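Below are the structure tokens for one structure; questions will follow.
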Amino acid sequence: MQVLDANGGLLYSTDKEENKNAIKPASSSSSSSLSSTSSGSSSSSSSSSDSTSSASSASSASSDSSSSSASSESSSSSADSSSKPDNGKYALGDVDGNGSVNVADIAVTAAFIKGMKALSTDAYTAADVNKDTQVNVTDIAMIASHIKGIKALSDNVDTSSKPDNSSSSSQAESSSSTADSSSSQAESSSSAADSSSVAESSSSSTAESSSSQPDSSSSQPDTQATYTSKGYKIEQINGVTYVDGTLVVNKSYGLPENYGNGLTKEFSDALYEMQGGAWADGVTLYVVSGFRSYNEQNDLYWNYVNRDGQPAADTYSARAGHSEHQSGLAADLNNASPSFNGTQAAQWLQAHCAEYGFIIRYPYGKESQTGFMYESWHVRYVGKELAKKITDSGLSLEEYYGIDSYYH
């Protein structure tokens, strides 16, 4: 069995020969290797795994450059190039400074994050691949994607502010130029922030003004509002249900047939971050079933009905228009079957998913409230604040909001 990324590239194979170069999970030692975010998938009668998604897209070539005492020139190179950039001792992602970007760099970065290893200034700069001045699990995930060829490091870095390397100059002049550039950037950022503040204020004023005017536009969405048993507002906007502003899909509330076209950016970004966090702890998480269209869900559901009968199918598969997969905010992870329950990955997911904005959508013991069997592998993105509230409450989404879930 093979798992392919969104561009048809091989991410994982059960064939040992094909998979012998896969990155292995990390141990607590900084010299160990960490595992890849992709792995094999399996299906079961109680799972809903038909389509494989990836939270990341295909890569472009990474860039690094060689510097000399008289002049420097930039060239595009692969992740394993031994070249060094002009404005740093270590190449981007080359945390151990050995001239190449590999799993050892992930191990060193993970050890630093866990407080097991200190980094020099050059190493810290190399580890901060997204240039946010912090080294965290997001940087690990980016390095891992670069190694696997999913997304090059150069795609994550804004190169527009790098100094011109085409002219010859002394090292001191180059440093001075970089400092001037940084100062200019800071002033530009400050100016942009002021501009953004003015725009925000203007936008707020416009919104307040608009709200005081009667809505006479025929192009406004069709909105109907009611309230849950706990007082939360239920709005149906163009056939989509929102409870207290959160999109809800279950047996009671469905989606229009033409709704959705893939996993949302907010889901993908949060998943990418969570995969990095899991990786740092030696756990591999990957999507085996992400977005499903109305028609795909319809075919899947009736296949289960024909095999197991409708009463049984309704306990583990949603009818078309009632699947969270169509929302683009949910996915099945790893093998998406009861065999995932109790595994190291399942335990990590239960303990940490809320930190990244996810909830276990169908918790254990909540079948009568959610309408579906326990699925430790099915995560739903709701945002970090709400995810923490729901998880800390020990309630299902239905219980938290005071809504039901049954086919009317």
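The values are calculated or read from the model by the stated rules, or taken from the named source; none is laboratory data. Remember, predicted model here, so these are calculated numbers, not experimental data. Because the Cβ atoms are built from the backbone with ideal geometry, glycine has one as well, and the counts that use them run over all protein chains shown.
Please tell me if residue 111 is aliphatic (A, V, I, L, M), touching a Ser or Thr at 6+ places or on another chain (Cβ under 6 Å), over 15 Å from residue 275 (Cβ atoms) and touching a residue at least 60 places away in the same chain (Cβ under 8 Å).
Yes; evaluated as a whole, the condition is true for this residue.
Is it fair to say residue 307 is at negative phi, at pLDDT 95 or above and either among the acidic types (Asp, Glu) or over 23 Å from the mean Cα position of the chain (by Cα) (or both)?
Values: at negative phi: yes; at pLDDT 95 or above: yes; either among the acidic types (Asp, Glu) or over 23 Å from the mean Cα position of the chain (by Cα) (or both): yes.
The answer is yes for residue 307.
Quick one: residue 267 ticks every box in (1) surrounded by 22 or more Cβ atoms within 10 Å (Cβ to Cβ); (2) without any contact (Cβ under 8 Å) to a residue 40 or more places away in the chain bar one, so which box is it?
Of (1) surrounded by 22 or more Cβ atoms within 10 Å (Cβ to Cβ); (2) without any contact (Cβ under 8 Å) to a residue 40 or more places away in the chain, only one is false for residue 267: (2).
Please indicate, with yes or no, whether at least one residue in the range 311-320 is farther than 14 Å from residue 372 by Cβ, touching a Gly at 6+ places or on another chain (Cβ under 9 Å) and of a type outside the set (Ser, Thr, Tyr).
Within the range 311-320, one or more residues are farther than 14 Å from residue 372 by Cβ, touching a Gly at 6+ places or on another chain (Cβ under 9 Å) and of a type outside the set (Ser, Thr, Tyr).
Every residue in the range 261-271 that is among the small types (Gly, Ala, Ser) and assigned to a helix (DSSP H, G or I), please.
Scanning the range 261-271 gives 268, 270.
Return the residues of the range 351-373 that are surrounded by fewer than 18 Cβ atoms within 10 Å (Cβ to Cβ) and touching a residue at least 12 places away in the same chain (Cβ under 8 Å); say none if nothing qualifies. Full working, then the answer.
At the first step, the residues of the range 351-373 found to be surrounded by fewer than 18 Cβ atoms within 10 Å (Cβ to Cβ) are 351-352, 355, 364-365, 367-368, 373.
Scanning the range 351-373 gives 352, 355, 364, 367, 373.
So, one more: Hey, does the range 331-350 have a residue that's surrounded by 23 or more Cβ atoms within 10 Å (Cβ to Cβ) and either of a type in the set (Asp, Glu) or under 25 Å from residue 230 (Cα atoms) (or both)?
yes
For residues that are assigned to a helix (DSSP H, G or I), of a type in the set (A, V, I, L, M) and in contact with a helix residue (DSSP H, G or I) (Cβ under 7 Å, 6 or more places away or on another chain), tally how many sit in the range 272-309.
4
Six or more apart or on different chains, Cβ under 7 Å: which pairs go from a residue in the range 379-392 that's at positive phi to one that's crowded, with 18+ Cβ neighbours inside 10 Å? Could you list them?
Note: pairs meeting the criteria are 383/357.
For residues in the range 116-144 being under 15 Å from residue 91 (Cβ atoms) and among the charged types (D, E, K, R), which is surrounded by the most Cβ atoms within 10 Å (Cβ to Cβ)?
139
Those residues that are in contact with a Gly (Cβ under 9 Å, 6 or more places away or on another chain), of a type in the set (Ser, Thr, Tyr) and not in a helix (DSSP H, G or I), I need them from the range 342-372; list them, please.
If the condition is that a residue be in contact with a Gly (Cβ under 9 Å, 6 or more places away or on another chain), of a type in the set (Ser, Thr, Tyr) and not in a helix (DSSP H, G or I), then 362 is the only one that fits.
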